[in-house]
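Colleague: Structure in structure tokens, see below.
The values are calculated or read from the model by the stated rules, or taken from the named source; none is laboratory data. On a predicted model such as this, the values are computed, not experimentally measured, just so you know. Cβ sites come from the backbone with ideal geometry, for glycine too, and all protein chains shown count toward neighbours. Side chains included, ligands, DNA and RNA excluded: accessible areas come from the protein's heavy atoms. Shrake-Rupley method; radii C 1.70, N 1.55, O 1.52, S 1.80 Å.
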Amino acid sequence: AQSVTQLDSQVPVFEEAPVELRCNYSSSVSVYLFWYVQYPNQGLQLLLKYLSGSTLVKGINGFEAEFNKSQTSFHLRKPSVHISDTAEYFCAVSAPRGGADGLTFGKGTHLIIQP
Amino acid sequence: NAGVTQTPKFRILKIGQSMTLQCAQDMNHNYMYWYRQDPGMGLKLIYYSVGAGITDKGEVPNGYNVSRSTTEDFPLRLELAAPSQTSVYFCASSQNRGSGELFFGEGSRLTVL
């Protein structure tokens, strides 16, 4: 079984500042890793994913994440945030050879952009 | 380009009432899921399906039932509503097993009083 820990429930950042949202995972097998974003009153949408290959993955809206196997981390970063980035961000994991039971999600990090 | 459609968007139930949350997808995805989202708790898997006629329990199935008679539809049934089922429910679908790109509906907010 896998688990995901998002270390911060809330991250306030000033507009145009950089941000890092932290995610650590636990798994006894190799995993796929994801970040999803949820804007207010909407469903989740995929920001980016790591399946294999380069450990630095780029997603939509200028976000990127780096897979670090030794630290079992998949932190999300953006060099300069905008007010429109205010949202809930979820890290998630699945097992490539595992069951079809979807993703295991972290509890989410609320990114608050301050003007 | 509808994607995943959930109805209703909002519903208030009294304790003991029953209802069905509808979910339909038009992407011909085999895999479909129901999650519930509670504040500060992330998403918990209720039930999932790998194709028409096949369903299985997720992490929190108690108090819910599902069916999958067609590829497109995956309704979630609450038989005897309880306050603990107050939540936001999300339906999602996926083309590939394990590769993780889930397509979500906009959610159904349910309150049980």
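Colleague: Going by the conditions given, is A:TYR36 crowded, with 17+ Cβ neighbours inside 10 Å and more than 10 Å from the chain's Cα centre (by Cα)?
Modeller: no
Colleague: Here's a check for you: in the stretch A:1-33, which residue that is of a type in the set (S, T, N, Q) and under 23 Å from B:TYR89 (Cα atoms) is nearest to the chain's Cα centre (by Cα)?
Modeller: Only one residue tops the list, namely A:GLN6.
Colleague: Which of the residues that make up the stretch A:76-96 are open to solvent by less than 40 Å² (accessible area, probe 1.4 Å) and more than 14 Å from every other protein chain (Cβ to nearest Cβ)?
Modeller: Hits for the stretch A:76-96 are A:LEU76, A:LYS78, A:VAL81, A:ASP85.
Colleague: From B:GLY51, B:GLY58, which residue is within 19 Å of A:PHE105 (Cβ to Cβ), at pLDDT below 95 and of a type outside the set (S, T, N, Q)?
Modeller: B:GLY58
Colleague: If the Cβ limit is 8 Å and pairs must be 6+ apart or interchain, which residue in the stretch B:29-54 that is within 11 Å of B:ARG68 (Cα to Cα) and facing chain A (nearest Cβ under 9 Å) pairs with which residue that is hydrophobic (A, V, I, L, M, F, W, C) and open to solvent by 40 Å² or more (accessible area, probe 1.4 Å)?
Modeller: B:ASN30/B:VAL50; B:TYR31/B:VAL50
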